[in-house]
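Colleague: Got a structure here, written out as structure tokens. Questions coming.
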Amino acid sequence: MYIWHRAVSAVSSRRAAQQVRHGSSGQNNFHAKYGMGVLVSGTVFCTAVWAYVLTQTGIAWNLSPVGKVMPKEWRQAEE
């Protein structure tokens, strides 16, 4: 099993080195250029959608049943 593990490890390490070496040919500064804008716009969009849902849709959220649920009356046993 040790020989098999060593062979698989060698192949996987060569494959990882090839992937790193032959990675994307484009520049890696997309996040530096657009990262903060994408993050802020996503946050604003999400906040706006949830604000609309919470205030305008009229959904009854029913967060707690305490004080709203009444127990049924006991039935008398039939004899």
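The values are calculated or read from the model by the stated rules, or taken from the named source; none is laboratory data. Note that the structure is predicted; figures quoted are calculated from it, not measured. All Cβ positions, glycine included, derive from the backbone under ideal geometry; neighbour counts span all protein chains shown.
Colleague: Quick test of your reading of the structure: Ile3 fulfils all but one of (1) surrounded by 10 or more Cβ atoms within 10 Å (Cβ to Cβ); (2) at pLDDT below 85; (3) among the hydrophobic types (A, V, I, L, M, F, W, C). Name the failing condition by number.
Modeller: That leaves (1) as the condition not met.
Yes/no per residue for (1) free of Cβ contacts under 8 Å to residues at least 40 places away in the same chain; (2) loosely packed, with under 10 Cβ neighbours inside 10 Å; (3) in a helix (DSSP H, G or I):
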| position | (1), (2), (3) |
| --- | --- |
| Val40 | yes, no, yes |
| Thr55 | yes, yes, yes |
| Trp61 | yes, yes, no |
| Gly67 | yes, yes, no |
